[in-house]
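The values are calculated or read from the model by the stated rules, or taken from the named source; none is laboratory data. On a predicted model such as this, the values are computed, not experimentally measured, just so you know. Neighbour counts run over all protein chains shown; Cβ positions are idealised from the backbone, glycine included. For accessibility, only protein heavy atoms count, side chains too; no ligands or nucleic acids. Shrake-Rupley method; radii C 1.70, N 1.55, O 1.52, S 1.80 Å.
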2 protein chains.
Amino acid sequence: MKLDEFFKQPNEWMRGEGPDSVIVVSSRVRLARNLRGFAYPGRSKKDDRTKVLEVLNAAFLQMPELKKVFSESLDNLSPIDKQILVERHLISREHAAKGVGSGVIINEGETISVMINEEDHIRMQALHGGLQLKSVFRAIDKLDAELEQLVDYDFSERFGYLTACPTNVGTGMRASSMLHLPGLVLAEQINPVIQAVNKLHLAVRGLYGEGTEAMGNLFQISNQTTLGEKEQDIVERLNKVIHQIVEHEINARASLTEKRPQMVADQIGRAFGILTNAHILTSKEALNLLSLIRLGLDLEMFQHLDRAAVDELFILTQPAHLQRSVEKKLSPEERDSRRAELVRKKLHKARRTEGGAQN
Amino acid sequence: MKLDEFFKQPNEWMRGEGPDSVIVVSSRVRLARNLRGFAYPGRSKKDDRTKVLEVLNAAFLQMPELKKVFSESLDNLSPIDKQILVERHLISREHAAKGVGSGVIINEGETISVMINEEDHIRMQALHGGLQLKSVFRAIDKLDAELEQLVDYDFSERFGYLTACPTNVGTGMRASSMLHLPGLVLAEQINPVIQAVNKLHLAVRGLYGEGTEAMGNLFQISNQTTLGEKEQDIVERLNKVIHQIVEHEINARASLTEKRPQMVADQIGRAFGILTNAHILTSKEALNLLSLIRLGLDLEMFQHLDRAAVDELFILTQPAHLQRSVEKKLSPEERDSRRAELVRKKLHKARRTEGGAQN
């Protein structure tokens with residue numbers, strides 16, 4: 001399977017389907033694992049890393065859920081292709097910087113992906129649209145159980161799974177959901193919510209995980225601790241908190257449309273006006289404005305505008321996707337211009353239904 | 001003639017006609033005069049002011065050019081009506097604060113207006129669209145000559161016409177043109193131009209004269225000195241400088257559309273997108289964005305958009321005009337919402353012709 005085939009159509013979670021998908025864009029669980037008897041990637045030599053890559057590739061590729069996959073060593077991927085995988089949340093930014101001895105495996109639909117020799121020997125994730133942390137956990141848990149039959153994990157009876165960084169020791173699990181919270185942001189209630197979530201030992205991060213800025217009103221909520229709590233309990237707890245945040249977002253939207261309808265119509269209208277008329281658009285501005293269009297769709301303020309098309313634009317406007325679509329490297333200025341063109345084209349049939357330019 | 005009749009249709013200069021009217025919105029000459037034997041308004045008692053008002057009203061109203069006029073004592077005008085006159089550049093903001101003993105006379109078409117008992121007994125102006133300083137000067141000079149037959153001006157052989165403020169002594173004349181300079185602003189060349197103009201002892205001011213901010217890329221250029229130079233020479237000199245600024249603006253536009261077409265399309269596109277979709281619009285933002293629409297019209301980037309309609313919006317979006325159109329006082333929030341609605345309605349048929357949302 002070639003990388004190109006991945007990009008012909010949107011993947012599973014980009015279609016914006018799944019439970020509570022109006023607010024919960026996607027859910028993900030990743031596990032960190034290491035093989036006993038091999039130095040961890042940060043300290044291993046090239047030969048060791050290559051050996052680990054071979055062993056793991058052989059093991060993963062005999063699993064039934066990974067029959068139709070894209071599997072590649074990172075030294076065979078161009079910088080743009082690696083960046084594409086980052087933008088699709090299939091590998092980390094750190095992994096994209098790796099070369100010989102590091103690899104990636106991605107199934108069809110992009111619901112399962114594996115990084116080999118990132119910070120740990122194995123980082124494997126399951127990713128689905130909507131709020132489905134439990135089923136996502138089951139999917140990756142099954143893969144983990146199958147792999148454990150084939151390789152020897154570095155495991156301590158006292159600590160659990162051992163990992164390169166102590167923050168992952170224990171379950172080695174990071175469960176997270178990506179939430180779209182424009183209502184809480186517009187109502188200026190997002191900060192109290194983030195503070196409350198942090199007090200529950202859960203982390204709130206931006207679109208591309210740790211250390212990244214919140215753009216497009218997208219917030220990733222994940223567990224911070226991996227020690228002293230069972231996987232199912234972590235998932236259960238996270239799931240409950242996310243349900244509460246979804247409630248808050250729904251209430252914030254209801255309150256805004258009731259008490260400040262002009263402000264909401266103004267913000268969404270301006271976003272629409274700019275996206276359909278700008279000729280220069282940075283990826284950050286595009287995300288922030290697309291977020292308001294997505295909110296406008298939820299509030300039924302548009303006609304002739306497909307929700308999936310908008311969700312897809314969140315990814316297609318990212319720098320690497322943009323360059324891949326024109327099959328050449330572009331300067332930042334060229335990208336901003338192409339991005340504006342792409343967005344204008346995709347939105348050109350859309351019309352506002354309420355109080356908009358047509359009235 | 002009632003005040004209402006003035007506002008049924010745009011006045012002469014708001015129609016955006018006249019020589020060089022693409023860049024020069026309007027030209028104006030005002031003369032300051034005082035009557036001998038009466039204390040100047042700043043120091044006169046109510047009875048004196050009323051007497052001066054009577055004398056001058058009687059004199060002005062027998063002149064042939066002021067046959068069909070609006071003439072009123074300022075204590076009979078509502079705050080909104082006074083503000084309307086300010087927004088139409090017919091009286092000053094200072095005059096709008098006056099009451100008993102101050103008056104205003106405006107001819108049909110609003111090409112001639114007189115303030116009685118503002119800072120001086122008489123401030124009379126002629127105002128036309130486009131660059132027509134010479135004909136505007138002739139119009140007000142004729143009125144001045146006629147009035148001089150009827151009243152006794154305070155005049156000194158040594159200094160010329162005497163005025164309340166020494167900066168007006170001599171000719172008592174302020175000649176000015178309002179220029180629309182979005183090209184120089186976008187090209188970031190406006191400051192050197194302003195500095196050069198200042199060195200020629202000409203003043204550059206904002207939309208509402210002294211002490212006001214430049215909004216909508218509109219700049220008023222006027223003479224600063226009134227002493228030691230003949231009226232015709234002042235007008236001649238100002239006219240020459242304005243012709244040069246017009247040249248600079250034309251060059252800036254040509255250079256921008258040649259070298260930075262994306263930036264120009266982006267700025268004009270965004271302005272169009274916001275104006276046709278916003279639901280909250282301050283008068284300042286409206287002016288700044290309408291300025292870019294006006295530039296877009298000059299560059300033939302719109303279809304189904306009437307230039308006069310855009311020029312009219314520069315005035316109709318001002319606070320008092322907006323309130324008069326709905327016949328009630330509005331809070332600033334209500335104004336911003338009504339303003340957005342008005343602009344959306346007026347622009348709803350317009351389409352971008354080049355590289356815009358339709359492509």
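Can you list, shortest first in nanometers, how far A:H243 lies from the same residue in the other copies, with each label 7 Å from Cα toward Cβ?
8.1
For segment B:250-294, state which residues have at least 40 Å² less accessible area in the presence of all protein chains than in their chain by itself, taking the probe as 1.4 Å and leaving out ligands, DNA and RNA.
Buried-area filter returns B:Q262, B:D266, B:R270, B:I274, B:N277, B:H279, B:I280.
Take the Cα gyration tensor of chain B, multiply each eigenvalue by 5, square-root it, and list the three semi-axes largest first, rounded to whole angstrom. Display every interim value, and only then the final one.
Details: eigenvalues 273, 122, 49 Å².
Each semi-axis is the square root of five times an eigenvalue, giving 37, 25, 16 Å.
Residue of B with Cβ nearest the axis relating B to A, plus distance in whole Å?
Nearest Cβ to that rotation axis, in whole Å: B:G273, 2.
What percentage of the solvent-accessible surface of the protein assembly as shown, computed with a 1.4 Å probe over protein heavy atoms, is contributed by carbon and sulfur atoms? Don't jump to the answer; show the numbers that get you there.
Numbers: 15280 of 31090 Å².
Answer for the protein assembly as shown: carbon and sulfur cover 49 percent of the accessible area.
For A:K230, place a label point 7 Å from Cα along the Cα-to-Cβ direction in every copy; what are the distances to the other copies, in nm, shortest first?
A:K230 label point versus its equivalents elsewhere: 10.5 nm.
Per residue, how much accessible area does segment A:260-358 have with a 1.4 Å probe, in Å²? Kindly include the intermediate steps, with their values, before the conclusion.
On the way: 3960 Å² over 99 residues.
Per residue, segment A:260-358 has an accessible area of 40 Å².
The protein assembly as shown: D in µm²/s via Stokes-Einstein (Kirkwood Rh, Cα pairs, 25 °C, 0.890 mPa s)? Don't skip to the end; give the middle numbers.
Values: Rh = 30.2 Å.
Reported coefficient: 81 µm²/s.
Could you report segment B:3-252's accessible area per residue, 1.4 Å probe, as an integer in Å²? Walk me through the intermediate numbers first.
Values: 10790 Å² over 250 residues.
Averaged over the residues of segment B:3-252, the accessible area is 43 Å².
Tally Lys and Arg at +1 and Asp and Glu at -1 over the other residues with C-beta under 12 Å from the C-beta of A:D152: what net charge comes out? Don't jump to the answer; show the numbers that get you there.
Details: positive: A:R33, A:R36; negative: A:E148, A:D154.
In short, 0.
I'd like the trypsin sites (Lys or Arg not before Pro) in segment B:135-185 restricted to DSSP loop residues with at most 14 other Cβ atoms within 10 Å, sorted by number. Each step should come with its number before you reach the end.
Details: sites: B:R138, B:K142, B:R158, B:R174; in loops: B:R158.
Those that pass, being in a loop and sparsely packed, are B:R158.
What are the label-to-label distances in nm, one decimal and shortest first, from B:E334 to the same spot in the other copies, with labels 7 Å along Cα to Cβ?
5.5
How much length, in nm to one decimal, is gained on full extension between B:K345 and B:D75, taken as 0.36 nm per residue of separation minus their Cα-Cα distance? Provide the component values of the computation, followed by the final result.
Working: separation 270, 0.36 × 270 = 97.20 nm, distance 3.54 nm.
Contour length minus the Cα-Cα distance gives 93.7 nm.
Largest first, how would B:R294, A:R260 line up by accessible area (1.4 Å probe)? Could the numbers behind the result be given before it?
Numbers: B:R294 5, A:R260 115 Å².
From most exposed to least exposed: A:R260, B:R294.
Which trypsin sites (Lys or Arg not before Pro) from segment B:15-52 combine a DSSP loop assignment with at most 11 other Cβ atoms within 10 Å? Mind showing how you got there, number by number?
Working: sites: B:R15, B:R28, B:R30, B:R33, B:R36, B:R43, B:K45, B:K46, B:R49, B:K51; in loops: B:R36, B:K45.
Within segment B:15-52, the qualifying trypsin sites (Lys or Arg not before Pro) (loop, at most 11 other Cβ atoms within 10 Å) are B:R36, B:K45.
Probe radius 1.4 Å, ligands and nucleic acids left out: can you give me the accessible area buried at the A-B interface, summed over both chains, in Å² to the nearest hundred?
Working: alone 16600 and 16590 Å², together 31090 Å².
Buried: approximately 2100 Å² between B and A.
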